[in-house]
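Here the structure is laid out as C-alpha cells; the discussion comes afterwards.
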Amino acid sequence: MSATVLERPEAAPEAPSEQAEKLVIFAWSGELDRIWPTLILATTGAAMGKETTVFFTFWGLFPLVKDEVRITGENWMQKMLSTMNRGGADHLKLSKMNFAGAGKAMMMHLAKEHRVATPQELLDLAREMGVRLVPCQMTMDLLGLKREDLIEGLEEPAGATTALAEAQGAITLFI
Amino acid sequence: MSATVLERPEAAPEAPSEQAEKLVIFAWSGELDRIWPTLILATTGAAMGKETTVFFTFWGLFPLVKDEVRITGENWMQKMLSTMNRGGADHLKLSKMNFAGAGKAMMMHLAKEHRVATPQELLDLAREMGVRLVPCQMTMDLLGLKREDLIEGLEEPAGATTALAEAQGAITLFI
Amino acid sequence: MSATVLERPEAAPEAPSEQAEKLVIFAWSGELDRIWPTLILATTGAAMGKETTVFFTFWGLFPLVKDEVRITGENWMQKMLSTMNRGGADHLKLSKMNFAGAGKAMMMHLAKEHRVATPQELLDLAREMGVRLVPCQMTMDLLGLKREDLIEGLEEPAGATTALAEAQGAITLFI
C-alpha cells in the first residue's frame, strides 16, 4: 500500500487550464462518525483530481497518533487528558450512542458487512491517493506530541496560517 | 404549499451575468438544533437566488425518513441502530440539554411563541423554494433504506462525487 | 491591548488588486473547544489581511453575553434555558469530557502553561484586529436578548441573508 504514496490519481491532469480545484478539510473532531465523512470526502476529492488537504487539529489529531504510543506529556494533566482520549484510528468513538461501546461495534460491523472502509483503511487510502494529511503544530505543542509520535506519511506539521492560505479558493469544510 | 414546488423566488434573475452563486450544505447531523441552521440557511440562500443544495448524509438522513416508516434493516443490528434514531423530522433531538426531552420541548415552544418555523415546516418550505434536497446513497445502503422509505420531493440519491462537484465554487458548509 | 482597536495588521495592503480575500465563520457552537478554533482561525485570517467576519448564532451567541448579565427572558422557559447555558466567555464548557468541570479546568491550565490564549483574550484580540463579530438577530429574538446584554465592540446584529451575502467568495466554515 505504501509504495504508491504521493502519487496522484489519473483524474488530476484533467483540470490544468484554469485555477486548480482544491478541497481543504479542517478535521477538528476525532470521533469515528466524523472521521468517516472527513476521509470519504477527502479520498473522493483526490480521486476527482482536486488538490486535497486535511488539517488535523485539536481532537482531530488523535487518530494520527501511533497505536503503540500512549500520549505521555510532561505532567499529570497531560497524562490524564491523554488517557481519556487514546490516540490511534482503532480507538475512535462515535459521537453518539456510545453506551458501553455498543454503538461503535455495531457501526463497524454494519460498515464491514456493507464493505464501507474502516477509518484506518481510509487513512491509508488517503495517503496513497495523495491527500495531504497535515497535523496541527499548536495542538501537538499543547499535548506534548512530537513528530515521531505520529503515524508515517504525514506532511510537516503546520499552523492556522498555512491552513487558511491553502483554503483560499478551495471547497472548505470544518468537520 | 406544494403548489409552488420548484419555482424560484424573484431574486434569482438578478445574477445571470457571471458564474451562478451557489450554496452547498453537507447536512451530516440529524439533531434539531443543527437541522435548524441547515434549513434556515438553505431557504435564505434560495430566497437570495443562489442555487442551493443540501446533501443529507449519515445522521442527517434520518429527518428525511417518512414518519410512518421505521427503519427496518435486514438484521438485528440495523434494527437496533434504527430504534435509537427514529427517523422523521418530528422526532429530532437537541444535541445538548436532552434530559428527558425537556430541552427539545422548551425549544419548540420558544420557537412557536416567537414564530420560528419548525423543522418540518422548514423542510416543506425548502422544497417549495427549489432547494435541492439530496439523500446520500452510501448512507441509504448502510442503513438498508430504499427510496420509498424517504419523504417525497427529494432529488435522486447521490454520492460524495456529486456533492463535491456541486460544491466547487459554492459557499460550502458542513453542518 | 485596546489601544489598537480596529487597526488592520500590516498584511492587509498586500492584496488590493484582485477580489478581496475573505473568511466567514458561522459560529454556531458555544463550547470552549469550538470557540477556540473559531477565534484562532479568525484572528489568523485577520492577521493575513483577509476580511474576516464571525457570525455568532444559536449556542454561539452565549459567549458574547456580558458576564454580569444573566439571560432573563419573559417567561420561565427562557429563564430555564438560560440557566443551563450561562452566557459569557468565562463560562464555556468543553463539548467532551465534562465530568464535574475537570476537563475544562485541565484544558485551561494546559493552555495557560503553553501560552495559548483564553477565549476571552482571543475575543478581545479579534476585535482589536478588526475581525467583525456579528451577533445573530434571530437568536437574540428567540432568547429575548437585547443589544445592551451583549459585550461591547460587536457589529450590528444581522440575519442569515447578511451572513450569506458576506460568505460569497469567502473561505466559509461552520463551527
Per-residue average of other protein chain Cβ atoms inside 10 Å, peptide B:33-46 -> 4
Just to confirm the numbers: B:Glu156, label point 7 angstrom along the Cα-Cβ line, distances to the other copies in nm, shortest first?
4.6, 4.6
Reduction of at least 30 Å² in accessible surface, 1.4 Å probe, comparing all protein chains with the chain by itself, residues of region A:128-175:
A:Met138, A:Leu142, A:Ala160, A:Thr161, A:Leu164, A:Gln168, A:Ile171, A:Thr172, A:Leu173, A:Phe174
Pairs A:Lys50/B:Lys66; A:Lys66/C:Lys22; B:Lys66/C:Lys146; A:Lys50/A:Lys146; A:Lys22/B:Lys22: which exceed 28 Å Cα-Cα?
A:Lys50/B:Lys66; A:Lys66/C:Lys22; B:Lys66/C:Lys146; A:Lys50/A:Lys146
Starting from a label point 7 Å past Cα on the Cβ side, list the distances from B:Ala117 to the same position in the other copies, nm, shortest first.
3.8, 3.8
Give the long-range amide H neighbours of A:Phe174: residues separated by 5 or more places, or on another chain, with amide H under 5 Å away, using H modelled in the peptide plane at 1.01 Å from N.
A:Phe26, B:Phe174, C:Phe174
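The values are calculated or read from the model by the stated rules, or taken from the named source; none is laboratory data. Quick caveat, the model's predicted, so the values are computed rather than measured. Cβ sites come from the backbone with ideal geometry, for glycine too, and all protein chains shown count toward neighbours. Heavy atoms of the whole protein, side chains included, go into the accessibility calculation; ligands, DNA and RNA do not. Shrake-Rupley method; radii C 1.70, N 1.55, O 1.52, S 1.80 Å.
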